[in-house]
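The next block holds one structure in the form of structure tokens; read it before the comments.
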Amino acid sequence: MQIVFATLHVRDSAQAVALAAGCMVAALPEGDQANATLIDLFPEEPLAAMAARILQSKPDIVAFPTYVWNRLRVVALARQLGRENPLLHLVAGGPEASGDPAGLAREVPGMVVMRGEGELGLPPLIQALARGITPDQIPGLVVFRDGDLIEGPPPLASKPGDIFPSPWLEGVLVPQPGQGVLWETARGCAFACDYCFDALGHEKVRLLDWPRLEAELELFAASGVSQVWVLDSTFNFPPERGRRLLELLLTKAPHLHYHLEAKAEFLDRAMIHLLGRLSCSVQIGLQTTNPAALKIVHRPLDLDHLSRQVHLLDMEGVIYGFDLIYGLPEDDYSRFCSSLDAALGFSPNHVHIFPLAVLPGTRLSHRKDRYQLKTEEGPPYEIIESASWSMVDLEKSRRLAAAVDLFYNTGRAVAFFPAVLKLFGETPSQLLEDFSRWLTDRNLIGRQNATAAEACRAQQDYLHERLRQCSKTHLSFALDDLLNYHYLYAETLLGEQTLPLEGPLPEGDRLWTFCWQLAPQVKLANFTYEIVDLMDTEDFDLEEFARMFRPVGSAGLFLRRGNDVYCESLSEDFYDLLRRCDGSISPEKILAGRLPRATAEELVSFAVAEGLLQRSTLDR
């Protein structure tokens, strides 16, 4: 039988890897593997086009990994496929299938919903379908047929000794040079947060085989991937395992960038030192700082301990961010603002803020009445109101979260944010609340997929208006310099590096007469103040800066080499050379008569040798 595994991703990105589907294929018998096809789907694609691509493979079975973010589209797609080919066998698995199997089955009558781990339930289901046997007694199966809900035995549970095949090592998924991979190191969760489904109802962690992890990591390194998302709810629990995993990363593939999720209470000094040696970012689930809300959802937090661990992360230069949730029981808008102030007080690299989603199958879903929780009936199951959250306060929270995302995250405000707070004498939540009102008045709130440049422009426009309101417009130029410096620094850090010229410099007059062009990754900018005075922004005071320094003007160059960003103040002649080298004019025409020939050629030689100037494509 021909089997299509159709994965509808959140978006087209480096994380759009069909890992769940790959795991299912790797677990199939060899014959079934040969008949399996993976298809990646994305939200912007029309349903008809998705269905056409799937049906082009002439499948007998179509299986969907189903999540909270794709359930509605998957259901619509499954219905369309059923209409176009009533003989198709449709199968849904994933978190939504385990959390709400009956509801999902009723939405697409005849579709088989598989609870539990697909590696255990899917192979016998496919064998039954291939033999024409009605698979009603397959463990984990739920199907709505002829008006009746049919449930098979409970899903099979993996045992400690079970070893599932790796989709990477089996060649089902192929890591691509320069791309990202999803790397599963464990399943389940040892904790029982009431709003989360990661514990799968049994609060256990199933660690994947260590030799498998070593082999996969070696494969990623050899394939030239650039970054790895480590799929483990708490990589650092227990701490010994976390340290061992970090040592493996440093031994096998220290050049890759890793995305990790951690619980702050299990970070220790030795682990943080290892993180400091690794190229990585660590996401910490803070959720709220309100003890009453944390107690209700069984999510303990020692804020003093967190503060100490975050200080150690800062000392080691580790990039970290926080997660916050608004809408939790016994929390409210005022306490959410306090949690935001606490989170931003640590100066994290980013803060992700989510509304409470009461997922089917979680403990909180069974206690909705206790907290008068009213939520959406279907995905994404977000809170509508509760005993402590009015609809008005939830909307204010949504707008505040959007403001944080634009100003702080997309706008990369971490380095200059304290200076802005000091300038206006406000807490983070006060300033960002005002920014959210400013965005709302201009119909800009919640703008999707804003670029860093657009966020920087919004920051400048908003802060200029604030300066006018408090009669501090004399600080406008200094503020612009501060924002532009950090915007360019961040863009350079995230961009391609600039490497020196390989091989000898051109000989004779060719260096002087070639038409060079500025390397695209090199950034040039004009500043009102001297750029070197902007570089030290620790405890930066904008008013003091404007009093101490004169607006003498400067030109700056930004480039990255390795993990370091270099920012240099340029002479007028050097800046003009780099700025005007666009591939259509030679250094001779730019600098002749302005500098002695020997001095000018030294500038050109340096710029070419350092990779600032490249041979024009028009002159090759």
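Observations on the structure shown:
- Residue among Arg457, Arg466 that is within 26 Å of the chain's Cα centre (by Cα) and of a type in the set (Lys, Arg): Arg457
- Qualifying residues in region 572-602 (those that are in contact (Cβ under 8 Å) with a residue 12 or more places away in the chain and of a type in the set (Gly, Ala, Ser)) - the one nearest to Trp512 (Cα to Cα): Ser586
- Residue match in region 26-49 (condition: farther than 25 Å from Pro153 by Cα, outside the structural domain of Val358 (by TED's automatic domain parsing) and among the β-branched types (Val, Ile, Thr)): yes
- Hits in region 164-197 - residues which are at pLDDT below 85 and not in a loop (DSSP other than H, G, I, E, B): Gly188
- Scanning region 534-556 for residues that are buried (at least 16 other Cβ atoms within 10 Å of the Cβ), modelled with pLDDT of 90 or more and closer than 29 Å to Asp576 by Cα returns Phe545, Ala546, Ser554, Ala555, Gly556.
- Taking residues in region 474-489 that are of a type in the set (Phe, Trp, Tyr), and partners anywhere that are part of a helix (DSSP H, G or I), the pairs with Cβ atoms closer than 7 Å and at least 6 places apart or on different chains are Tyr485/Ile531; Tyr487/Ala452; Tyr487/Cys456.
- Taken together, Leu559, Leu524 contain a single residue that is surrounded by fewer than 19 Cβ atoms within 10 Å (Cβ to Cβ), in contact with a Leu (Cβ under 8 Å, 6 or more places away or on another chain) and over 20 Å from Val420 (Cβ atoms), which is Leu524.
- Set Val142, Val113, Val108: member being in the same structural domain as Leu81 (by TED's automatic domain parsing) and touching an Asp or Glu at 6+ places or on another chain (Cβ under 6 Å): Val142
- Selected residue (criterion: surrounded by the most Cβ atoms within 10 Å (Cβ to Cβ)) from residues of region 454-506 that are outside any helix (DSSP H, G or I) and small (Gly, Ala, Ser): Gly495
- Counted residues, region 8-18 - those being surrounded by 20 or more Cβ atoms within 10 Å (Cβ to Cβ) and not in a strand (DSSP E or B): 2
- Residues of region 20-66 that turn out to be buried (at least 19 other Cβ atoms within 10 Å of the Cβ) and aliphatic (A, V, I, L, M), as a count: 15
- Residue count, region 104-119 (criterion: under 30 Å from the mean Cα position of the chain (by Cα) and in contact (Cβ under 8 Å) with a residue 40 or more places away in the chain): 6
- If the condition is being modelled with pLDDT of 90 or more and hydrophobic (A, V, I, L, M, F, W, C), then region 136-163 contributes Ile138, Leu141, Val142, Val143, Phe144, Leu149, Ile150.
The values are calculated or read from the model by the stated rules, or taken from the named source; none is laboratory data. This is a predicted model, so every value here is computed, not measured. Please note: Cβ atoms are built from the backbone with ideal geometry, for glycine as well, and neighbour counts cover all protein chains shown.
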